[in-house]
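Contents: one structure, followed by commentary.
The values are calculated or read from the model by the stated rules, or taken from the named source; none is laboratory data. Since the structure is predicted, the reported quantities are computational estimates derived from the model, not experimental observations. Positions of Cβ are backbone-derived with ideal geometry, glycine not excepted, and every protein chain shown enters the neighbour counts.
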Amino acid sequence: MSKQAILVTAADLAPQALALLQDFEIVYAGKTPQVPDLVALASRHDPVGIIVRYSQITPEVMDAAPSLRVISKHGSGTDTIDKPAAKARGIEVTAAAGANAPAVAEQAMTLLLACAKSVVKLNERMHAGYWDKATHKSVELCGRTVGVVGLGAIGRRFARVAHAMDMRVIGFDPFAKDLPEYVEQVDLATIWRESDAISLHCPLTSENRALVNATTLAACKKGVIIVNTARGGLIDEAALLQALQSGQVASAGLDSFAVEPMTAPHPFHHQPNLVLSPHIGGVTNDAYVNMGIAAAKNVLAVLGAHSLVR
């Protein structure tokens, strides 16, 4: 009897995750799968589960796999999955929530420090033979206020590090409960008004798309630092660029973008005071294993529940 298939929208999966899925046929979609590729593979193998690392999961992909029962995100953000379409078809959508929290929180803090301390600019100057000690002053984060938007596993971990650095932490998350005492829960207006730095850690939804825009940036302190390791769609990129050029935003550190991979040339290229990384906040050896295991366990949990119902 042939094994049921699990489609992985990538070229690989952690060995520890594969061990959990040994009773299934694992079908890889390759390094840069597109929706037509996934439709073709789903039609050919009729997977009962899809583990999503790259590409979009559209209604067409779901319809190509009549046996599909679960779509498991290899990470925390499920905005690449058409969740209403999945719900309409009785397909459960899961996420590996918290599996990459340490990695992404570290990346967010790295970007914040890089912005505050002008790490990239000073490194370039030093390699060019300059010594700017007499003319440069960095930003000291101790005693400054950081606004954290989204207080899930990643946002809370980032907040804990910021608190350990003696920063004042204010946070916005309408769904957060049992927050630590060092996080002051506030509304978004307070985030914009009082933050010296703002770090985004919320999922992308239709309600918060372009959350950081010309209006909200204008409401911020002049010289605010913006950090985004969540989803690129949270920021109106044209508005951020204009705010950087005017000095309203002193610097920004971005690990996610509206279009990925980021197009070249791009208006962000060669922009001073803008630190960029290619959405690698959660790409560490440890996170790769943790997310793979969590995604595999989520698949097994849903399929096990379906078998019990039968």
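Structure data summary
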quantity	calculated
Subset tally (residues that are surrounded by fewer than 20 Cβ atoms within 10 Å (Cβ to Cβ) and either of a type outside the set (Gly, Ala, Ser) or over 21 Å from Ile81 (Cα atoms) (or both)) for the stretch 251-267	9
Those helices (runs of 4 or more DSSP H) lying entirely in the stretch 1-76 with at least 2 residues more than 22 Å from Ala88 (Cβ to Cβ)	15-20, 35-45
Candidate set: the stretch 150-169, residues that are surrounded by fewer than 24 Cβ atoms within 10 Å (Cβ to Cβ) and either touching a residue at least 60 places away in the same chain (Cβ under 8 Å) or more than 24 Å from the chain's Cα centre (by Cα) (or both); chosen: the one nearest to Met291 (Cα to Cα)	Ala153
Residue in the stretch 210-229 that is part of a loop (DSSP other than H, G, I, E, B), in contact with a Gly (Cβ under 6 Å, 6 or more places away or on another chain) and surrounded by 18 or more Cβ atoms within 10 Å (Cβ to Cβ) present	yes
Residue pairs meeting the criteria (Cβ under 6 Å; at least 6 apart or on separate chains; first assigned by TED's automatic domain parsing to the domain that holds Val224 and closer than 18 Å to Leu211 by Cα, in the stretch 239-252; second basic (Lys, Arg) and surrounded by fewer than 24 Cβ atoms within 10 Å (Cβ to Cβ))	Gln248/Lys222
Test result for Lys117, in the same structural domain as Ala162 (by TED's automatic domain parsing), surrounded by fewer than 18 Cβ atoms within 10 Å (Cβ to Cβ) and at pLDDT 95 or above	yes
Residue within the stretch 238-247 that is part of a helix (DSSP H, G or I) and under 14 Å from the mean Cα position of the chain (by Cα) present	no
Every residue from the stretch 90-105 that is crowded, with 17+ Cβ neighbours inside 10 Å and without any contact (Cβ under 8 Å) to a residue 40 or more places away in the chain	Ile91, Val93
Number of the condition not met by His266 [criteria: (1) within 25 Å of Pro33 (Cβ to Cβ); (2) without any contact (Cβ under 8 Å) to a residue 24 or more places away in the chain; (3) not in a loop (DSSP other than H, G, I, E, B)]	(3)
